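Visitor: Supplied in structure tokens, the structure appears directly below.
The values are calculated or read from the model by the stated rules, or taken from the named source; none is laboratory data. Please read all numbers here as calculations on a predicted model, not as lab measurements. Cβ atoms come from the backbone with ideal geometry, glycine included; neighbour counts cover every protein chain shown. These accessible areas exclude ligands, DNA and RNA; they are computed on the full protein's heavy atoms, side chains included. Shrake-Rupley method; radii C 1.70, N 1.55, O 1.52, S 1.80 Å.
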Amino acid sequence: MEYFVQSVTGAIDTIAEGERHSSFDTFSTGLKPVMWTLIFLLANAVILLRGVQSGIEKVSNILMPVLFLILIVFCINSLLMPGVGEGMRFLFSPDFSKVDSSVLIGALGQAFFSLSLGLGTMMTYASYFSDRTPLVKSASIIAVLDTVVAVLAGIIIFPAVFTYGSEPAAGPKLVFEVLPAIFHQMPGGVFWSALFFFLLMVASLTSTISMSEICIAFFTEQFGISRRKATLLNAGIAMVLGTLCALSFGPLSNVSIFGQSFFGLFDYVTSNIFLPLGGMLISIFVGWFLDRRVLREQLRGTGSIKGWIYKVIVICLRYVAPTGIALVFLSGLDII
């Protein structure tokens, strides 16, 4: 949100005397991150207070098409850049010598995070579906669309990186340092910068709404409290923990827990431990303990499911998924 405001005002100038300085450090070390964190979580709470259909569904029906439209606009712009050939080769030419256990667990965490697996989002949303919703078809569409969006994001970023002579990077450095420097050099850079960070805001909002709904559903169903109280409770907890994360780049940057800042610890534990562990346990539960009739009925949805497809899914749930997740998980933690 801060980067969006700085882009609109034209203040996001990351080139000084021919040398890039870190705008991320400039914008993230004070108290502004706390302010934006609280505003962002308040926006979540306002949407969630309206419920699933009037709040989440209505907002998603507006924001998701906007998100996809902005992605397409950016892709067209990137494909017209001089560095498109180099960018495409970098994106689609894999170097398998770089693939090790840390890459695998990072990819696993990213897949779990982007598909909302292992933390209950899909189960929570699916519980609002009709019993006749075809889960196999829905899951396939979600996985394909997630992959398409990820590829589109790469097409957006890497032609621009190579066109303007920047070094390819990943994570926050790419988004908050390399890209602003590129936008600064581009014709109409203020427009593209504002549009890009608006896209990130939309993507973040749709994600945090989804994750908040898990906690709200848990509070209302397990403790019998109203949705309003559950939403406010969830927002309060998120604001406290979010404030600690926001301060970890500034006033609390010297505070270390197990060698990491609050933000680093939360990011590592959730993505690399909780999500794979949750996914593995869910897979084991559904594969070994859930009533077969329930599983078959849920998978059938609006149509019949072929016998071999059902058997493959059960085998994956029982053996393939838990074993694969466990091996990558333990390897990433240097246990095996």
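Visitor: Kindly write out, for segment 61-75 in residue order, the coupling ³J(HN,Hα) from the Karplus curve 6.51 cos²θ - 1.76 cosθ + 1.60 (θ = phi - 60°), rounded to whole Hz, with x marking Gly and Pro.
Guide: My calculation for segment 61-75 gives 5, 8, 6, 5, x, 4, 4, 5, 4, 5, 4, 5, 4, 5, 4 Hz in order.
Visitor: For the chain, just the Cα atoms, rotate onto the principal axes and tell me the three extents in Å, largest first.
Guide: Principal extents (largest minus smallest coordinate, Cα): 68, 47, 42 Å.
Visitor: Could you give each residue of segment 286-294 its phi-based ³J(HN,Hα) in whole Hz, using Karplus coefficients 6.51, -1.76, 1.60 with θ = phi - 60°, and x for Gly or Pro?
Guide: Karplus values, whole Hz, x for Gly and Pro: 5, x, 10, 10, 6, 4, 4, 5, 5.
Visitor: OK, next. Roll a 1.4 Å probe over the protein heavy atoms and report the accessible area of residue 249 in Å², nearest 10.
Guide: Its accessible surface works out to 70 Å², give or take rounding.
Visitor: Which residue, chosen from 64, 189, 313, occupies the Cα position most advanced towards the positive end of the dipole of the chain, where the dipole is computed from +1 (Lys, Arg) and -1 (Asp, Glu) charges on Cβ about the Cα centre?
Guide: Going by the charge dipole, the pick is 313.
Visitor: Further question: In degrees between 0 and 90, to the nearest 10, how far off the longest principal axis of the chain does helix 321-332 point, with axes built from Cα atoms?
Guide: 40 degrees
Visitor: At 1.4 Å probe size, with the rest of the protein present, what percent of the exposed accessible area of segment 245-336 is carbon and sulfur atoms?
Guide: The value for segment 245-336 is 69 percent carbon and sulfur by accessible area.
Visitor: Further, regarding this structure: Calculate log10 I(q)/I(0) of segment 240-327 for q = 0.17, 0.19, 0.24 Å⁻¹, where I(q) comes from the Debye formula with a single equal point scatterer on each Cα and nothing for solvent.
Guide: So the normalised log intensities are -0.75, -0.83, -1.10.
Visitor: Also, quick follow-up: Evaluate E = 1/(1 + (r/R0)^6) for residue 145 and residue 66, where r is the Cβ-Cβ distance and R0 equals 25 Å; express this FRET efficiency to the nearest 0.05.
Guide: E between residue 145 and residue 66, to the nearest 0.05, is 0.95.
Visitor: What distance in nm separates the simple spin-label points at residue 93 and residue 300, each placed 7 Å from Cα in the Cβ direction?
Guide: Computed distance between label sites residue 93 and residue 300 equals 5.2 nm.
Visitor: Quick check for you: which residues of segment 103-122 have the amide N under 20 Å from the point 7 Å beyond the Cα of residue 333 toward its beta carbon?
Guide: 103-113, 117-120
Visitor: To the nearest 10 degrees, how steep is helix 275-284 against the longest Cα principal axis of the chain, on a 0 to 90 scale?
Guide: Taking Cα atoms only, the helix is inclined about 20 degrees.
Visitor: Accessible area, 1.4 Å probe, largest first: how do 152, 49 sort?
Guide: 49, 152
Visitor: Rounded to the nearest 10 degrees, what's the angle between the helix 135-163 long axis and the longest principal axis of the chain, both from Cα atoms, 0 to 90?
Guide: 10 degrees
Visitor: How big is the charge dipole of the chain about its Cα centre, in debye rounded to the nearest 20, if each Lys and Arg gets +1 on its Cβ and each Asp and Glu gets -1 on its Cβ?
Guide: 1460 debye
Visitor: Using protein chains only and a probe of 1.4 angstrom, how many square angstrom of residue 100 are accessible, to the nearest 10?
Guide: Result for residue 100: roughly 80 Å² accessible.
Visitor: In the Gaussian network model of the chain, springs joining C-alpha atoms below 10 Å, which of 155, 182, 225 carries the largest mean-square fluctuation?
Guide: The residue with the greatest mean-square fluctuation here is 225.
Visitor: Using θ = phi - 60° and the Karplus relation 6.51 cos²θ - 1.76 cosθ + 1.60, list the HN-Hα couplings for segment 202-219 in order, rounded to whole Hz, with x at every Gly or Pro.
Guide: Computed from phi, the couplings for segment 202-219 are 5, 4, 5, 5, 5, 6, 5, 4, 4, 5, 5, 4, 4, 5, 5, 4, 5, 4 Hz.
Visitor: Please list, ordered by chain and number, the residues whose modelled amide H lies under 5 Å from the amide H of residue 51; skip anything fewer than 5 residues away on the same chain.
Guide: The list, which skips near neighbours in sequence, is 56.
Visitor: Over the chain, what is the relative contact order in percent, taking alpha-carbon pairs closer than 8 angstrom and at least six residues apart?
Guide: Relative contact order of the chain: 31 percent.
Visitor: Per DSSP helix of 4 or more residues, -39500 (n - 2.57); summed, then divided by the residues of the chain. What does that give at 222 nm, rounded to the nearest 500?
Guide: About -21500 deg cm²/dmol.
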